[in-house]
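The values are calculated or read from the model by the stated rules, or taken from the named source; none is laboratory data. Everything numeric here is computed off the predicted structure, so don't read it as measured data. No Cβ is skipped: glycine too gets one built from the backbone with ideal geometry, and neighbour counts run over all protein chains shown.
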Amino acid sequence: MIYENKFPESTLKTLDSFFADGRTPHAILIDGGSEKDRIELALLAARMLVCENKDRVPCGECEHCRKASENIHPDIIRITKPDDKKLFVKADVKKMVAEAYLTPNEANVKVYVISEMQLMNEESQNLLLKILEEPPSYTAFILTSVTSNAVIGTVLSRVIRLRLGEIVQAECSEKARDVIKKLSQAVITPYEYDRIEATAPLDGNKALTVEVLNVFCDVLRDSIALKNGGKALYKEFFEESRIMSERLSLKKLLDMYNYVDELIKSLENNPNYTLLCTVLCAGI
Ligand SMILES: [Zn+2]
């Protein structure tokens, strides 16, 4: 891995884990840290996306890497608020969404780096959400924000998050915390009954289900990062992430992550849908 920057190895490994198994992330949110670091890391992720090397990205050698490092790659598009405005302009966001449907110029993917989401109002974020919900296969979006709190929940559910800096405690209720811990234990045992028991409190309780699935998805992401030699971001669930990363294969972790991620989306898209614990248990 060749990176000419100052990011800690653990941050880079977490970023690498998004590309594990030849996957291509379609939407990433980088939050925390300084603005300079966030944008630098976003541009690095953009380079990784356009690089055509099959074994390691960015290779630093291909034409895409060269153009990206000189900031002249036509498929890496930076979207910022205008200098003379306090916030993003709605018309600019609208234009970006329309243009995102056009195919890339040179790379296999067209990457939009949207910096500092705390400067985008809810109306514009909702415009962005439209394309995040059904992005063309050849687009990717990298967002940066001071904090994830500045990003609307529906957008948050579409991105994988890379936080600069550790999170001591998750933003969730005691009850959710309890289910997440039990669930993390249950997925490493071969007994279906353990999983059913751990997820039982979720039956008929949509609010708790959403809370648990969102944090559990992050905990799974942490175990994937640990498996790849990266760092877990949730200090509170470190033991859970560590045990899952030691006891489960990378494939199993990625499958569970994708399954939980899909469940979160289906819960959001169907307001009346109640997730049954048997559905959850089927994929974990
Ligand atoms: Zn390359």
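Computed values, structure above
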item: Helices (runs of 4 or more DSSP H) within the stretch 51-162 that include 2 or more residues touching a His at 6+ places or on another chain (Cβ under 9 Å); result: 63-69
item: Hits in the stretch 257-271 (condition: loosely packed, with under 13 Cβ neighbours inside 10 Å and over 14 Å from the mean Cα position of the chain (by Cα)); result: SER266, ASN269, ASN270, PRO271
item: Given (1) in contact with a helix residue (DSSP H, G or I) (Cβ under 6 Å, 6 or more places away or on another chain); (2) surrounded by 17 or more Cβ atoms within 10 Å (Cβ to Cβ); (3) not in a helix (DSSP H, G or I), index of the condition THR199 fails; result: (3)
item: Output for the stretch 231-272, where each listed residue is in contact (Cβ under 8 Å) with a residue 40 or more places away in the chain and not in a helix (DSSP H, G or I); result: LYS231, LEU233, TYR234, LYS235, GLU236, PHE237, LEU248
item: Filter result for GLU70 (at pLDDT below 95, surrounded by fewer than 16 Cβ atoms within 10 Å (Cβ to Cβ), within 8 Å of the ligand (Cβ to nearest atom) and of a type outside the set (Gly, Ala, Ser)); result: no
item: Cβ pairs under 9 Å, 6+ apart, first in the stretch 31-55 and farther than 16 Å from THR14 by Cβ, second in a helix (DSSP H, G or I) and away from the ligand (no atom under 13 Å from the Cβ); result: LYS54/GLY22
item: Residues within the stretch 21-67 that are under 23 Å from LYS227 (Cβ atoms), of a type in the set (A, V, I, L, M) and more than 8 Å from the ligand (Cβ to nearest atom), tallied; result: 9
